[in-house]
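Working notes, structure below.
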Amino acid sequence: MPSFLTKACFLLIVASCCDSPCLHAAEPDLKAIFPLGCSPGESIEATLIGGGLDKVTALHFSTPGLSAEPIEKNRFRITASDEASLGTCDVWIATPEGLAGPRRFAISSTAIVVEQESNDTSDLAQAVTLPVVVDAKCDKAADLDWFAFAAEKDQEISIACRSHSLDGSVRPFFTLVGPSGRELVHSSASRLEPEATFHVPASGAYRLLVHDRGYKKDDFSYYRIELSVPAEKTNTSTAHRALITSDDVLATEQITEQIASEETPQELDLPSRIAGSFEQRNAVDWFRFAAKKGQTVHIEAFGERLGQMMDIDVAIYDDNQKEVVALKDIAAPKSVPATLPLVSLDPTIDWKVPTDGEYSIAIRDLYGGSVFGPDRVYELIVQKQRPSFYAFVMSTNAKPSRGVAIKRGAEAEASVVVVRTGGFAGEVTVRIEEPNDSVTLENGVVGPKEVTKPLRLAAASDSAVGFHPLRLVAEAEIGSDKRTISIPYAAVIRPGLTRRVEEMLIDISE
């Protein structure tokens, strides 16, 4: 017969196991929705991929015209109405354990097919009919995906591969093979999402090989191929939008870069926002501006943050063509969370002018010896230093793919991150753009020495259960002016990718 001590030990073990976190329901972790989209007027059966998704209660789409109904565990029928807008939207999922997302979902006017994973060789290429959108995935490391299609002589065919803009991790590379077996087109290695337009030389069967440039595979190895004629391009992907854009730095009309040299640089008036491109091998573009001693001039370039695989180099020269200063790459601001990656190969400087005079700016791409062309675009901003700030709101949960969930009558936290620029060091106030009776915000004052501040979000006891999109704004007194900006939500999609979402989503539950 078991002793009293044995029984006590048994009960203690059972009690400790019941309290163990391993028995608690897992937090939702949405890695992907596959297929990656659908077409207006049609439905697809989509699989939610990730962990803790056994009890998904609802899906929220950031654009109207989309709905979802459950089929079975982790599977939903997603329907797009005839009026659904083409392009991409964000999808969030709700579970009893919290909110997960967002994930991009694409609406295309072109028929969508799903890759069949028996297409690892040219002989087994999956047959598709143009125009077509193919949603695919890398099922293993070094996966090779082949597709075959018929084309007519003199057709213009557009090929585009997307992954990053659809929250995937694939860095696509494609090769087009003609009827004779000759390789006709290789995608550019200079873009995260390559595309090409091809003039068909002869009618026949063409094959397209797609693979990850690094031959890698992970939980986010999904991609989309768009095959069309240019007049029927689907344009379903969202253009790359960095956390910080040139609009955040200087929201003024762009001027176009002119063909200029060191001897005849393009003249600039401050402020200027230039749209340029490195079209020739080892191209160097030159600009000139006048400045007064003691002025502080802000110069900033955008290349990598435009979605380019680009390393821009910028230097300032005096009237004697002597280099005065070289710009440095953007470093992470102090006290900013690691999950908000603001570092970039794009250079910037707040430069104090040493003496009155004319100064020249030389800008080039350090990859320009091997990669160049009209698609190698950049932006350059030159302006007098302007005190300002920008801000992001984030989930306090450091895990990727998490949102903010609140129970009725309860509170939850989110974090606001404020980065001050141009010498600004003042207080910033955060508020809800359009106050409502469902969600209120407290603790919204970010002091002069604070960068990251927790915000308390409270749901009223009679709040409607469900999803509540929320837009926040930040305000500050800068000199005699009051500056108000929208605060985007910084969504941690996966390790290495945090992207900008224009509004945050609150899930209110019982």
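The values are calculated or read from the model by the stated rules, or taken from the named source; none is laboratory data. These numbers were taken from a predicted model, which means no experiment stands behind them. Reconstructed Cβ throughout: ideal geometry from the backbone, glycine too, with neighbour counts over all protein chains shown.
Among the residues examined, residue 300 does not qualify as in contact (Cβ under 8 Å) with a residue 60 or more places away in the chain, out of contact with any Asp or Glu (no Cβ under 6 Å at 6 or more places or on another chain), more than 14 Å from residue 381 (Cα to Cα) and among the acidic types (Asp, Glu).
Looking for something surrounded by fewer than 17 Cβ atoms within 10 Å (Cβ to Cβ) and free of Cβ contacts under 8 Å to residues at least 60 places away in the same chain - is there at least one such residue anywhere in segment 401-409? Looking through segment 401-409, at least one residue is surrounded by fewer than 17 Cβ atoms within 10 Å (Cβ to Cβ) and free of Cβ contacts under 8 Å to residues at least 60 places away in the same chain. Of the residues examined, residue 346 is not one that is out of contact with any helix residue (DSSP H, G or I) (no Cβ under 7 Å at 6 or more places or on another chain), under 22 Å from residue 392 (Cα atoms) and either of a type in the set (D, E, K, R) or part of a strand (DSSP E or B) (or both). Taking the listed residues 199, 164, the one that is more than 25 Å from the chain's Cα centre (by Cα) and modelled with pLDDT under 95 is 199, with no other qualifying. For segment 242-253, the criterion of a residue being part of a strand (DSSP E or B) and modelled with pLDDT under 95 is satisfied by no position. Could you tell me whether residue 181 is surrounded by fewer than 23 Cβ atoms within 10 Å (Cβ to Cβ), over 18 Å from residue 30 (Cα atoms) and in the same structural domain as residue 58 (by TED's automatic domain parsing)? No: the conditions fail for residue 181. Taken together, the residues in segment 369-382 that are more than 24 Å from the chain's Cα centre (by Cα) and modelled with pLDDT of 95 or more amount to 1. The set of residues in segment 279-305 being closer than 20 Å to residue 368 by Cα, outside any strand (DSSP E or B) and over 24 Å from the mean Cα position of the chain (by Cα) consists of 279, 280, 281, 282, 283. Scanning segment 250-270 for residues that are surrounded by 15 or more Cβ atoms within 10 Å (Cβ to Cβ) and among the charged types (D, E, K, R) yields one hit, 257.
Checking segment 410-427 against the condition returns no match, with no residue being at pLDDT below 90 and either surrounded by fewer than 17 Cβ atoms within 10 Å (Cβ to Cβ) or in the same structural domain as residue 483 (by TED's automatic domain parsing) (or both).
For segment 396-411, the criterion of a residue being touching a Phe, Trp or Tyr at 6+ places or on another chain (Cβ under 8 Å) and under 23 Å from residue 490 (Cβ atoms) is satisfied by at least one position. Scoring residue 79 on the criteria (1) within 30 Å of residue 413 (Cα to Cα); (2) assigned to a strand (DSSP E or B); (3) polar (S, T, N, Q) leaves a single failure, condition (1). Within segment 124-171, the residues that satisfy the criterion of being of a type in the set (Asp, Glu), surrounded by fewer than 20 Cβ atoms within 10 Å (Cβ to Cβ) and at negative phi are 139, 152, 156. Note on segment 239-292: residues that are without any contact (Cβ under 8 Å) to a residue 24 or more places away in the chain and of a type in the set (A, V, I, L, M) total 3.
Would a scan of segment 114-121 turn up a residue that is among the polar types (S, T, N, Q), outside the structural domain of residue 156 (by TED's automatic domain parsing) and surrounded by fewer than 21 Cβ atoms within 10 Å (Cβ to Cβ)? No: zero hits.
Residues in segment 244-273 that are of a type outside the set (Lys, Arg) and under 27 Å from the mean Cα position of the chain (by Cα): 15 in all. Here the condition is being basic (Lys, Arg) and more than 25 Å from the chain's Cα centre (by Cα); of 171, 182, 191, it holds for 182 alone.
Residue by residue, here is whether (1) surrounded by 15 or more Cβ atoms within 10 Å (Cβ to Cβ); (2) in contact with a Ser or Thr (Cβ under 7 Å, 6 or more places away or on another chain); (3) of a type in the set (A, V, I, L, M); (4) assigned by TED's automatic domain parsing to the domain that holds residue 494 holds:
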site: 282; (1), (2), (3), (4): no, no, no, no
site: 290; (1), (2), (3), (4): no, no, yes, no
site: 303; (1), (2), (3), (4): yes, no, no, no
site: 313; (1), (2), (3), (4): yes, no, no, no
site: 327; (1), (2), (3), (4): yes, yes, yes, no
site: 344; (1), (2), (3), (4): yes, no, no, no
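Looking at segment 141-149, can you tell me whether even one residue there is of a type outside the set (Asp, Glu), outside any strand (DSSP E or B), closer than 30 Å to residue 395 by Cα and modelled with pLDDT under 95? The answer is no, given that none of the residues of segment 141-149 is of a type outside the set (Asp, Glu), outside any strand (DSSP E or B), closer than 30 Å to residue 395 by Cα and modelled with pLDDT under 95. Residues considered: 118, 122, 85, 108. Of these, the only one that is closer than 16 Å to residue 223 by Cα and of a type in the set (Ser, Thr, Tyr) is 108. Filtering segment 431-453 to residues that are free of Cβ contacts under 8 Å to residues at least 24 places away in the same chain and either of a type in the set (Ser, Thr, Tyr) or not assigned by TED's automatic domain parsing to the domain that holds residue 414 (or both) leaves only 440.
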